[in-house]
Structure formats: C-alpha cells, structure tokens
Amino acid sequence: MTERPLEQHWTPPGDHPYDLRRSLGVLRRGPYDPAFRADADGSLWRATRTPDGPATLRLRQGADGTVRAVCWGPGAGWVLERLPELLGGADDPSAFVPRHRVVAEAWRRHRGLRLIRTGQVLETLVPCVLEQRVTTEDAHRSWRLLVRRFGEPAPGAPDLYVPPGAHALVRVPSWEWHRAGVDGKRSAAIVRAARVARRMEEAAAMELPAAIARLCAVDGIGPWTAAETLQRSNGAADAVTVGDLHLPGLIGYALTGVRGADDARMLELLEPYAGQRYRAARLILLSGIAPARRAPRQRHARIARL
C-alpha cells in the first residue's frame with residue numbers, strides 16, 4: 001500500500017466555469033453511498049478499485065477553479081494518471097448548441113457541468129444493474145449493503161469502502177444477494193458480467209455503438225443499463241437512456257408541456273441534439289421542470305423480507 005498519499009492539481013481547460021460537485025455527482029449512489037462522500041467544506045471523496053489495487057481520492061476545488069487531488073492506496077498512481085478524464089477534461093461542451101428555451105436556460109445556469117469519464121466499466125455497471133426495475137431507494141440500499149459486506153475499508157479513509165471487484169462478486173452467495181434485496185435476475189446479470197470483466201473493461205475504449213453492443217452481449221444487460229453505465233464510464237455524450245419509466249415523460253413535459261411522452265417521442269424531441277443527447281437530457285432534468293405528481297409514490301416490497 002502507498003504509505004504517503006500522492007497529490008496532483010488540475011486546472012479546467014478553456015474560459016468556461018467548472019462545477020466539480022455537479023460533474024462528479026453522477027457517481028454518487030444515494031446520500032449514504034459507502035464509496036462516495038461529499039463534505040461540508042466542498043471536498044468530494046471517492047473509493048475505487050483500479051487494476052493496480054484499491055484507491056481513495058479526495059478532491060477539492062479552489063476559488064480559482066483549480067482542483068486539488070489527493071490519493072491514497074496502491075491504485076493512487078493509476079487514478080491520478082487519469083484524473084483529467086475523470087473530472088471531465090476530455091469533454092467538449094463547446095460542441096453543444098441548445099435548441100429549446102428550457103435547455104438554453106439550464107445550459108446558462110449550469111455552464112460548469114462536464115461529462116466525466118471513469119474508464120471503469122464493471123464498477124460502474126454493477127450499481128446500474130441494481131437499479132433495474134426497482135425504486136432508486138431500494139437500489140441504493142442494495143448497493144450500500146453489498147459494498148460494506150463484500151468491499152474493503154478504503155485506504156486513507158476507513159469510513160469509506162472500496163466496491164467489490166470481479167472475483168468477489170462471483171463468490172457472493174445467493175442468500176447474500178437475497179439479504180441485500182437483489183433478485184435472481186439482477187444478481188445473475190452481475191455475476192455474468194463479472195466473469196467476463198476483462199471484456200467489459202474493453203468497452204471503455206470503444207465507440208458508443210460498439211460499447212453498447214459489448215455490454216448488451218451479457219444476458220440481463222439491456223440498452224437502459226448500457227447507456228446508464230457508458231454515460232459515466234465513457235463520458236458518452238450521446239448515450240441517451242431508453243426504457244426508463246420516468247425519463248421520457250419528464251423530457252416530453254419539459255420541452256412541450258404535454259404529459260405522457262414515450263421513448264419514441266423522447267427520441268424525436270432529442271433528435272436536434274444528435275451526438276449530445278445525454279448532455280441535453282441532463283440539462284433538461286436540471287431545469288427542474290416536471291409535471292405535478294398525480295398519485296403517491298409507489299412502495300415496493302423488500303426482497304430480503306420475502
């Protein structure tokens with residue numbers, strides 16, 4: 001293990017502002033994510049498993065926009081070598097042109113947003129699979145229990161946990177998946193992906209269509225999960241999520257004021273943003289425009305109680 005932390009500074013390119021919390025926030029899986037923490041002083045902490053071993057990264061943005069990164073653990077060098085991509089340095093927001101008033105206003109208010117790129121497919125894929133067909137609250141609970149049970153204390157931050165790697169995931173007993181509230185279909189998809197982890201990681205260097213095909217070749221992983229994963233692992237600006245229960249309706253209402261949009265209508269509305277549809281969708285969600293709720297939020301039975 002690295003005895004002393006490594007340190008690096010990164011200055012966002014260009015003249016645009018940079019929003020560290022908004023950009024990195026997509027990696028956080030709920031307010032109690034054991035692998036991610038946001039401190040009151042603006043610091044962000046992330047525990048991760050790299051090819052060189054576990055690592056803990058602490059990020060804090062200064063008044064001049066420069067981000068100071070401190071990293072602990074055997075994987076510290078690997079993480080800092082890829083720090084600019086993780087923070088969105090490879091993202092080119094200048095390629096984005098708003099086509100709707102709602103999007104233009106959200107873009108004006110959130111010019112510091114960057115699409116980040118972890119370069120880690122399996123670690124990003126697992127929580128996305130957990131979010132299939134369940135409430136966000138239940139998925140976050142499952143992630144929290146699995147990481148604490150089968151991960152390990154993060155170097156330099158023992159209150160955080162490094163998510164379990166491929167070898168640990170394939171050895172999780174069926175009753176532990178059940179205890180974490182994960183049904184057989186989702187746990188089987190995670191195990192299948194973990195067994196071909198090397199093939200999954202190759203998708204980080206692929207163009208979007210090939211990367212989606214690679215992930216979807218694993219039974220139990222479909223376009224929804226692939227898009228949600230590649231948005232984070234690859235910084236894929238065009239990886240629009242299809243098959244989501246709420247997203248089409250939210251985008252349709254924000255852009256037209258009409259309820260009930262389906263995937264086909266959402267894709268039609270996002271067509272002017274071809275190549276940048278994921279960025280457009282994020283900005284639309286950040287606008288906060290949504291139809292009034294007509295019914296109470298649905299509660300799902302906890303699998304672990306069955």
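Taken together, the values in this text are just the output of simple stated rules run on the coordinates, not laboratory data. Bear in mind that the values here come from a model prediction, so they are computed numbers and not experimental data. No Cβ is skipped: glycine too gets one built from the backbone with ideal geometry, and neighbour counts run over all protein chains shown.
Numerical summary
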| read-out | value |
| --- | --- |
| Pairwise centroid distance, computed over Cα atoms, of segment 137-184 with segment 46-111, Å | 25 Å |
| J(HN,Hα) series, segment 109-116, from Karplus relation 6.51 cos²θ - 1.76 cosθ + 1.60, nearest Hz, glycine and proline x | 7, 10, 5, x, 5, 10, 8, 7 |
| Length added when fully stretched, ARG149-ARG4, from 0.36 nm per residue minus Cα-Cα | 49.5 nm |
| Rg in Å to one decimal, and Dmax rounded to a whole Å, for the chain via C-alpha atoms | 19.1, 57 |
| Whole-percent pair-distance distribution, where bins are 5 Å wide, for the alpha carbons of segment 64-117 | 4, 16, 20, 19, 14, 10, 8, 6, 3, 0 |
| Chain lengthening between HIS246 and ASP183 when straightened (0.36 nm per residue, less Cα-Cα) | 20.5 nm |
| Nearest-20 debye value, the chain charge dipole, Cβ charges on Lys, Arg, Asp, Glu | 1020 debye |
| Sites VAL26 and ARG171 - FRET efficiency at Förster radius 25 Å, r taken between beta-carbons, to 0.05 | 0.30 |
| Segment LEU285-LEU267, extension gain: residue separation times 0.36 nm, minus the distance between their alpha carbons | 5.0 nm |
